[in-house]
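The values are calculated or read from the model by the stated rules, or taken from the named source; none is laboratory data. Please read these numbers as outputs of a predicted model, since none were measured by experiment. Because the Cβ atoms are built from the backbone with ideal geometry, glycine has one as well, and the counts that use them run over all protein chains shown.
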């Protein structure tokens, strides 16, 4: 087989496994979000800040994806999430098969929302469906304001883009309107939220967004 | 063939092409550096600041790798570099074959130093030899101080690590000694420089490092 045949076979097999995961999540009434970004854009800090605002009213499950270490799982467990850490070894993205493999370790029936924190990478995870309801991308203001057009695939594929670390804007040369404009050009359907997971600025709108998506999904299921 | 067979074949073919690139670069007396980091860690800004300090005394060639756009090539050309932009489409790293393909467009004999700016990705480029003399990784202080152990492969493979954006340290919770310590554990031979490509702080030591490496290479060749 050529490299392209192998890639097509991998993608087809991934889509098949993702459909199975989606059915398992939906049968349990869960809202599932797949978080994608570069290393260090603040995915885990966003989860910590989100857990602080959700765990009093709902059960949150986190699936942590990393090349190496259990560090992120330790952090979210300390904030009240249950879940599991996946280490990919050298793999540059999570796959639907990796999610399928850990489903048995999770108490899906007891959960409300599942956050899947993908491996830190703005390219490889873009096209791998994991069975989620929402694919979302984080950008940090410290990464420079030229990123959407340089990494277009993930913006094409995302339902939501979060522009994080807005607390650092006074110390940076960063045109946030330019970034939002580029995302709108790439994908007019992609919603955009601006926040600082560290200071909490903008977090209320994000929490409302998650609650509304959960209500919407449960409305469709009832 | 299995996925693993294909991967092995791709790596072997890459190594063969990299050896050819290395011969072409060395025959022309060039020092070649392969810059790897996450998106937005400051590779292009480092190149701009470096070009401002080198182009009065030497000819610098830049090979720019990006998924999409010519933006980075426009930036370094404006600072006096010659070179070429490679767009990978969706590809998550440069390969030796991609470098081989553009060698004919470069005036190698007229050059002194070649900087290859890899695709923004802390995982995939780690193990692809391009024929360079120096493999180097950039980390930005805004990415959080837990990254080396989470992305160990690139630190195992690098000769130099640059900790960039030290001008933002007063506004961050970031333990730079912890980061340096983790790199030392992963690879005691990896040198570490701390700088701000934006403010110029620490740039002199980096420029001295490049000049010394060029002198060393030319000494070996003479």
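So is residue B:20 in contact with a strand residue (DSSP E or B) (Cβ under 7 Å, 6 or more places away or on another chain), away from chain A (no Cβ under 12 Å) and within 22 Å of residue B:219 (Cα to Cα) or not?
Working: in contact with a strand residue (DSSP E or B) (Cβ under 7 Å, 6 or more places away or on another chain): no; away from chain A (no Cβ under 12 Å): yes; within 22 Å of residue B:219 (Cα to Cα): yes.
For residue B:20, the condition - in contact with a strand residue (DSSP E or B) (Cβ under 7 Å, 6 or more places away or on another chain), away from chain A (no Cβ under 12 Å) and within 22 Å of residue B:219 (Cα to Cα) - is not met.
Here's the yes/no breakdown for (1) surrounded by 16 or more Cβ atoms within 10 Å (Cβ to Cβ); (2) under 19 Å from the mean Cα position of the chain (by Cα); (3) within 12 Å of another protein chain (Cβ to nearest Cβ); (4) modelled with pLDDT under 95:
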site	(1), (2), (3), (4)
B:167	yes, no, yes, no
B:176	yes, no, no, no
B:189	no, yes, no, no
B:195	yes, yes, no, no
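On the given criteria, is residue A:4 facing chain B (nearest Cβ under 9 Å), out of contact with any strand residue (DSSP E or B) (no Cβ under 6 Å at 6 or more places or on another chain) and at pLDDT below 95? Here the answer is no, as residue A:4 does not meet what is asked. Within region B:115-158, the only residue that satisfies the criterion of being at the interface with chain A (Cβ under 7 Å from one of its Cβ atoms), over 23 Å from residue A:126 (Cβ atoms) and not in a helix (DSSP H, G or I) is B:146. For region A:70-94, residues that are out of contact with any strand residue (DSSP E or B) (no Cβ under 6 Å at 6 or more places or on another chain), in a loop (DSSP other than H, G, I, E, B) and within 13 Å of residue A:47 (Cα to Cα) total 3.
Here are A:6, A:32: which of them is touching a helix residue (DSSP H, G or I) at 6+ places or on another chain (Cβ under 7 Å) and free of Cβ contacts under 8 Å to residues at least 24 places away in the same chain?
Numbers: A:32 fails: free of Cβ contacts under 8 Å to residues at least 24 places away in the same chain.
It is A:6.
Contact map, region B:46-75: residues that are more than 13 Å from chain A (Cβ to nearest Cβ) and in contact (Cβ under 8 Å) with a residue 40 or more places away in the chain paired with residues that are in a loop (DSSP other than H, G, I, E, B) and surrounded by 15 or more Cβ atoms within 10 Å (Cβ to Cβ), Cβ distance under 6 Å, separation 6+ or inter-chain. Pairs shown: B:49/B:197; B:58/B:112; B:59/B:111; B:59/B:112; B:60/B:81; B:61/B:106; B:61/B:111; B:62/B:81. Consider residue B:85 carefully, then state whether it is farther than 17 Å from residue B:35 by Cβ and within 14 Å of chain A (Cβ to nearest Cβ). In short, no. Of all the numbered requirements in (1) more than 13 Å from the chain's Cα centre (by Cα); (2) under 23 Å from residue B:168 (Cβ atoms); (3) assigned to a loop (DSSP other than H, G, I, E, B), residue B:56 misses one, and that requirement is (2). The set of residues in region A:23-45 being touching a strand residue (DSSP E or B) at 6+ places or on another chain (Cβ under 6 Å) and more than 14 Å from chain B (Cβ to nearest Cβ) consists of A:25, A:30, A:31, A:32, A:33, A:34, A:35.
Which residues, taken from region B:189-222, are in a helix (DSSP H, G or I), out of contact with any strand residue (DSSP E or B) (no Cβ under 7 Å at 6 or more places or on another chain) and closer than 17 Å to residue B:54 by Cβ?
B:203, B:204, B:207, B:208, B:211, B:212, B:215, B:216, B:218
Of the residues B:162, B:207, only one is under 19 Å from residue B:79 (Cβ atoms), more than 14 Å from every other protein chain (Cβ to nearest Cβ) and surrounded by fewer than 17 Cβ atoms within 10 Å (Cβ to Cβ); which? Let's see the steps before the verdict.
Working: B:162 fails: surrounded by fewer than 17 Cβ atoms within 10 Å (Cβ to Cβ).
Within the list B:162, B:207, the selection yields B:207.
When A:62, A:67 are screened for being more than 30 Å from residue B:5 (Cβ to Cβ) and in contact with a strand residue (DSSP E or B) (Cβ under 8 Å, 6 or more places away or on another chain), only A:62 passes. Among the residues making up region B:59-77, those that are in contact with a helix residue (DSSP H, G or I) (Cβ under 8 Å, 6 or more places away or on another chain) and surrounded by fewer than 21 Cβ atoms within 10 Å (Cβ to Cβ) are B:59, B:68, B:69, B:71, B:75.
Does residue B:109 satisfy the criteria of being closer than 24 Å to residue A:149 by Cβ, more than 12 Å from every other protein chain (Cβ to nearest Cβ) and more than 11 Å from the chain's Cα centre (by Cα)? Even if it seems obvious, please write down each step before you answer.
Values: closer than 24 Å to residue A:149 by Cβ: no; more than 12 Å from every other protein chain (Cβ to nearest Cβ): yes; more than 11 Å from the chain's Cα centre (by Cα): yes.
Against the criterion (closer than 24 Å to residue A:149 by Cβ, more than 12 Å from every other protein chain (Cβ to nearest Cβ) and more than 11 Å from the chain's Cα centre (by Cα)), residue B:109 does not qualify.
Regarding region B:34-44, can at least one residue be identified that is under 25 Å from residue A:39 (Cα atoms), part of a helix (DSSP H, G or I) and within 20 Å of the chain's Cα centre (by Cα)? If you could, list the steps in order and put the result at the bottom.
Step one: filter region B:34-44 for residues under 25 Å from residue A:39 (Cα atoms), giving B:34-44.
Then keep just the ones that are part of a helix (DSSP H, G or I); that gives B:43-44.
Right, trim to within 20 Å of the chain's Cα centre (by Cα) and you get B:43-44.
Scanning region B:34-44, I find at least one residue that is under 25 Å from residue A:39 (Cα atoms), part of a helix (DSSP H, G or I) and within 20 Å of the chain's Cα centre (by Cα), so the answer is yes.
Return a yes/no flag: does region A:11-30 have any residue that is outside any helix (DSSP H, G or I), under 17 Å from the mean Cα position of the chain (by Cα) and closer than 23 Å to residue B:144 by Cβ. For region A:11-30, residues outside any helix (DSSP H, G or I), under 17 Å from the mean Cα position of the chain (by Cα) and closer than 23 Å to residue B:144 by Cβ: absent.
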